[in-house]
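Inspection log for the structure reproduced underneath, given as structure tokens.
The values are calculated or read from the model by the stated rules, or taken from the named source; none is laboratory data. Remember, predicted model here, so these are calculated numbers, not experimental data. For neighbour counting, all protein chains shown are included, and Cβ atoms are generated from backbone atoms with ideal geometry for every residue, glycine included. Heads up: the accessible areas ignore ligands, DNA and RNA and are worked out on the full protein's heavy atoms, side chains in. Shrake-Rupley method; radii C 1.70, N 1.55, O 1.52, S 1.80 Å.
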Amino acid sequence: MNITDLSLREKVLQTVVIKVDKDHFVSEQVGGAFFGGEIITDAEDLGIEAGRQILNRYKESAKIPILLTGDFENGCGSVWKGLSALPYLMSLGAANDEQLAYEYGKATALEATMVGANWSFSPACDLNINKRNPLMNVRALTDDPELAARLLPQVIRGMQENGLAACAKHFPGDGIDYRDQHLVTTKNSLSWEDWKRLSGKVFEEVIKSGVYSIMPGHISLPAYQQETSINGLHLPATLSYELMTKLLKEEMGFEGVLVSDALNMGGFNGWYESRERSEIECFKAGCDMMLWPSANYVDNMVQAIESGYVSESRLNDAVRRILTMKEKLGLFDKKTEPGKTLTPEEKQFVKATQKKIAEKSITLVRDHAGIFPLTIEKYKKIKVIPVTHYAPALQEAELLCEELRNRGFEVDYQVNGLKHIKGTLAEEKQIDECDLVLYTLFSRSFRPVGFLDFHSTEAMKIWRSLEYGGEKTAVVSFGSPYFGEQYFERALTYVNAYSMLSCSVQAFVRAATGEIPFGEFSPVEL
């Protein structure tokens, strides 16, 4: 398609990514539409066929093929119930396998394209260097740029060779600050030399791999930026000409699409007098597509271009990049389809990939007490104590108990932890009555919003954990790999499993009982 065939308004509409609304349909032709939950909200529960039909409405109405996207960061099951959730990206880092990385991307692409999607806001290419970062954690593959540079291009290749555009996020690199860009503008505070060696190296490698799109975050990079705002602070990448145009497009040579992170986030708003003004500045600075702009965005952008505040050449460059990505995906060559049907072999491939990554990623950090493998002869009675702020994770704790019971163990599941009764030996008695106490920690960014630390009731469970019976206590984290240092540094037996998903819980039980070997590689420095 030729850009000259489009009116000014049609070109501006191509820069818009709206939210898919199953009840209200937007009649004007936009460039893209975002579907599902994942990062902030839970998975959509519409059923696969109903969801396909919703996405197909957007395809059928599109004069120009539309990009249909979601946060398929760890497969599709966290976005769309009924599909397969893969272990979180840090599990893939723990597996440390380039072929599995390709399969991770391919499995994601197969199910995404099955429901009609053609673009994923993944993979996260951030390095989780700050252990206190509340947003990335297990969403990041690693803190090691060499490991990231090896595996992330394979994930991208697996996606894009199977019909799903990838999006590397969040430039110039999250995982450095201790704050959350959903709430405030965060900062990549690395020196320029360290940035080039760490975050910069990762983005350089994924650009070389041919990634179709990159998502700038609401993150500043003071080591590079010269311009400051009126209060002396550096603008986030989503508002910075220096970061999006000079660094990313000109110096690093990125020719693909820049799509903003969500424009309703706290890290984006408040830099100008209104959100509408901020959106114009975001586009002017070099962002090509706007994720969830305000209702007045198209009218405001048309006016900004007609007045000369934003050049039409800037708009034409953005539209050229968008149409080029659509051409690479073959969207102009395909008739409108609700999504493809997976073959039995493809369905089996997705399930096998999920299982392989889960099993290869369970990291035995230490077992000084010699607890593993668990045997009925030695550990007949097991007390399982879950620690989490996210109530749905208790279902996975119950699954763990069920898996152990299926192997002949007697399991006492205590959601409230050891009962402390002043003036008695109640805790000691509970420990004496069992052969093993297994603390199961569940965490994930945004479940709930805020830091990943345990507090209140959960913190009290940890407080009591090593007071008595430490020699027969084991800890497994189905989430943050840093809990071992943060809370259980003196625990004799500790495991990182990274993902609070059924596949990872089942893989841990298989490793704990000696059915498969534990992994020994940690993707992050502990």
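How many Å² of accessible area per residue for the chain, probe 1.4 Å?
Numbers: 20260 Å² over 526 residues.
Here the residues of the chain average 39 Å² of exposed surface.
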Of all accessible heavy-atom area on the chain, the percent that carbon and sulfur account for (1.4 Å): 49
Mean Cα-pair separation over length for segment 254-409, i.e. relative contact order, pairs under 8 Å, 6 or more apart, %: 17
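How high is the relative contact order of the chain? Use alpha-carbon pairs under 8 Å, at least six apart in sequence, and give a whole percent. Walk me through the numbers on the way to the answer.
Numbers: 1107 pairs, mean separation 83.6, N = 526.
It rounds to 16 percent for the chain.
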Segment 440-483-segment 90-106 distance, computed between alpha-carbon centres (Å): 27
Sorted largest first, extent of segment 439-526 alpha carbons per principal axis (Å): 36, 33, 25
For segment 99-143: span of alpha carbons on each principal axis (Å, largest first): 37, 22, 11
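Using only helices, what value at 222 nm comes out for the chain when you add -39,500 (n - 2.57) per DSSP H run of length 4 or more and divide by the total residues, to the nearest 500 deg cm²/dmol?
Details: 16 runs with 175 residues, N = 526.
After summing the helix terms and dividing by the residues of the chain, the value is -10000 deg cm²/dmol.
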Segment 52-108: C-alpha pair distances exceeding 16 Å, %: 54
Cα-based Rg of segment 170-311 normalised by 2.2 N^0.38 Å, two decimals: 1.00
Equivalent ellipsoid semi-axes, segment 200-279, via Cα gyration tensor eigenvalues times 5, rooted, Å: 23, 15, 10
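For the chain, what percent of Cα pairs sit more than 42 Å apart?
Details: 30113 of 138075 pairs.
Within the chain, distances greater than 42 Å cover 22 percent of Cα pairs.
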Segment 151-194 versus segment 316-376: alpha-carbon centroid distance in Å: 18
Residues of type aspartates and glutamates that Lys356 reaches as a straight line, Cα spacing below 20 Å, ignoring anything fewer than 8 places off in the same chain: Glu73, Asp97, Glu98, Glu103, Glu111, Glu345, Glu346, Glu396, Glu403, Glu515, Glu520
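Mind putting a number on the dipole of the chain about its Cα centre? Charges go on the C-beta only, +1 for Lys and Arg and -1 for Asp and Glu, and I need it in Debye to the nearest 20. Can you show the working numbers first?
Details: 57 positive and 72 negative charges, 100 e Å.
In total the dipole reaches around 480 debye.
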Cα-based equivalent ellipsoid of segment 277-399: semi-axis lengths in Å, sorted from largest, via gyration tensor: 53, 24, 15
Antiparallel bridges, percent of DSSP beta bridges restricted to the chain (to nearest 5): 10
Normalised alpha carbon radius of gyration of segment 343-415 [divisor 2.2 N^0.38 Å]: 1.39
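Run through segment 205-251 and list the GluC sites (Glu not before Pro) located in a DSSP loop whose Cβ has at most 11 other Cβ atoms within 10 Å.
Working: sites: Glu205, Glu227, Glu242, Glu250, Glu251; in loops: Glu227.
Answer by residue number: Glu227.
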Ordering of 342-349, 186-193, 140-147, 113-120 by packing [mean C-beta count within 10 Å, highest first]: 113-120, 140-147, 186-193, 342-349
Paired Rg and Dmax values of segment 236-302, which use every Cα atom, in angstrom: 11.6, 34
